[in-house]
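Engineer: Pasting a structure here, questions to come.
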């Protein structure tokens, strides 16, 4: 897992396409910007997932850190 320097309310950018839902056909394209609203930590307090608010107001819950970088 990559080390990501994400802060609460910090800006992030998706680096690859992300399939946002199982029952909905919603794909977030690479280059989409958002704000990290909640950090989910795992073993040894490492950030593993992030809740993201996109520019259009949509929320994405528990996005893995492999899909974005801090801006």
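Engineer: Among (1) over 13 Å from the mean Cα position of the chain (by Cα); (2) touching a residue at least 12 places away in the same chain (Cβ under 8 Å), there is one condition residue 32 misses while meeting the rest; what is its number?
Structural biologist: (1)
Engineer: Further question on the same structure: Just checking, which of 53, 16 is in a loop (DSSP other than H, G, I, E, B) and either modelled with pLDDT of 90 or more or within 12 Å of the chain's Cα centre (by Cα) (or both)?
Structural biologist: On the way: 53 fails: in a loop (DSSP other than H, G, I, E, B).
Selected residue: 16, the only one of 53, 16 that is in a loop (DSSP other than H, G, I, E, B) and either modelled with pLDDT of 90 or more or within 12 Å of the chain's Cα centre (by Cα) (or both).
The values are calculated or read from the model by the stated rules, or taken from the named source; none is laboratory data. Worth saying up front: this structure is predicted, and the values here are computed from it rather than measured. Please note: Cβ atoms are built from the backbone with ideal geometry, for glycine as well, and neighbour counts cover all protein chains shown.
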